[in-house]
1. Measure nothing fancy, just the Cα-based angle from helix 106-124's long axis to the longest principal axis of the chain, in degrees from 0 to 90, nearest 10.
2. Mind ordering 184-192, 197-205 by average Cβ neighbours within 10 Å, highest first?
3. Could you let me know the centre-to-centre spacing of segment 378-405 and segment 38-86, using Cα atoms, in angstrom?
4. Report the chymotrypsin sites (Phe, Trp or Tyr not before Pro) located in segment 323-364 that are in a DSSP loop and have at most 15 other Cβ atoms inside 10 Å of their Cβ, or state none.
5. Anyone know which of V287, V414, V275 comes out most mobile in the 10 Å Cα GNM of the chain?
6. Label V294 and M354 with points 7 Å out from Cα along Cα→Cβ: what is the distance between them in nm?
7. Can you figure out the FRET efficiency of V401 with A168, using R₀ = 41 Å and their beta-carbon distance, to the nearest 0.05?
8. Can you classify segment 315-440 as rounded, prolate or oblate using the Cα gyration tensor, where a ≥ b ≥ c are the square roots of its eigenvalues, rounded means a/c under 1.5, and otherwise it's prolate if a/b beats b/c and oblate if not?
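Where a number appears in this text, it was derived from the coordinates with a stated rule and is not lab data. Bear in mind the structure is a predicted one, so any value in this text is a computation, not a measurement. In this analysis, Cβ positions are derived from the backbone assuming ideal geometry, glycine residues included, and neighbour counts consider all displayed protein chains.
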Amino acid sequence: MATTAARQERLPRTLGLWSSIALVVGITIGSGIFRSPAGIANQAPNPLLMIGLWVAGGIITLCGALSLAEIAAALPATGGIYAYLREAWGRRAAFLFGWAELVLIRASALGGIAVVFGEYLLRSVGIDPGEHVLLARGLSAGAIAFAAAANVRGANIGALIVGVATWAKFGALALLVLASFAFGAGHGASAAHFSAPSAGPLAVGSIGLAIVSVLWAYDGWADLSFAAGEVKEPQRNLPRAIIFGTLALIVIYVLTNLAYLYVLPIERIRESRLVAADTMMALFGRVGVVLVSVFVMISSFSSLNGSMLASPRVFFAMADDGLLFQAIAKVHPRYKTPHVAILLAAVLGMALVMSRSFERLTDTFVLAIWPFYAVGVAAIYRLRRDRPDLPRPYRAIGYPVVPAIFIVSVAAFVVNALINDTTNSVITFALILAGLPVYQLCFSRR
């Protein structure tokens, strides 16, 4: 069995602080902010409540980031959440996370991001993606394949794509926000949209489901930890990148949603599958649609590429630990990347993107991975108790309250999903728990 030190030698540390921050932001700002507002507005059709949900989602995410940063700095190993679960809760818990990543989580994430890329690509050339679903999905699958090829070629190339595209997506969102408030008043925009009455009934269960869509948009804040074994000076750079990246995301997302609501009333947002394009259409017509669609394509592909860079390291770490087939741990002899793990993630993502809707992909992803985030954050209590001498270059701000807020929040939305989206929730957790007999039969004695 290879040791963590051996893994770190095989996967060189090439990601600096700014590359790491760009990876956090680049992975996270992908499809959610450009596609999820319609679903959120449908579940919570009140302007102030909608903004409040984005703030609440940001606070939950920040609590997780502040907590996870301590563990990431103390255990800067390839695999991220997988490694933290292994160290705090044992091999069975770590395997269950890796199993969920393999059969459900990563494929759903790649599919959800790629769907938005395909839809906005068609919108940019004047084709309605709703009328050409198969074409949109084919383009989405092609984007996954291209991202996989780029990351097989090298982590530096993948990080470079994310870094360049991160500035492009910052520019796109900044343009959308500034243009909305500068020119919106002459095109039907109004501050009265913020205080408009609810466009439909409000229910606690629906608001809980809306949080799921918000958390999809924020997801990505923890993905840097998957590639922790390739970050330079990880004890210093990992916590800084995770925390600063998450704070930037909260500011960007709240401002962008304020811009959407200023230009479009919430009734329009509820009906808008591609809200960024419709906002720019209201301001600048067809030229605005093309411009923002190109930026969203860049943004989605950047997020897709960043996710493809980070997540296959989980499969790599599992195989190196004897918890997955050793072939998956192979490192490319020339490019020094876990190419088998990358290709496996790509194939699974392409299969799901051709068979499931955006909403189902994203709901499944959030419901499957965020409970593992909560268990990973809970490791902070276990490690402080059992391994007090573990070097901790960064200690979580607000401990023990901040980690508890994150854990309780995740538990609450999982319970709400089980009550209000029972079928999908039961199927999701059944697939995850199916990993227990697989572990017992195939890997428990390794």
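1. 30 degrees
2. On the way: 184-192: 13.9, 197-205: 11.8.
By packing density, highest mean first, the sequence is 184-192, 197-205.
3. One Cα centre to the other: 18 Å.
4. Working: sites: F325, Y335, F358; in loops: F325, Y335.
Those that pass, being in a loop and sparsely packed, are F325, Y335.
5. The residue with the greatest mean-square fluctuation here is V287.
6. 3.1 nm
7. On the way: r = 38 Å, r/R0 = 0.92.
It comes out at approximately 0.60.
8. Numbers: a/c = 2.02, a/b = 1.09, b/c = 1.85.
Oblate shape, in that a/c is at least 1.5 and b/c is the bigger or equal ratio.
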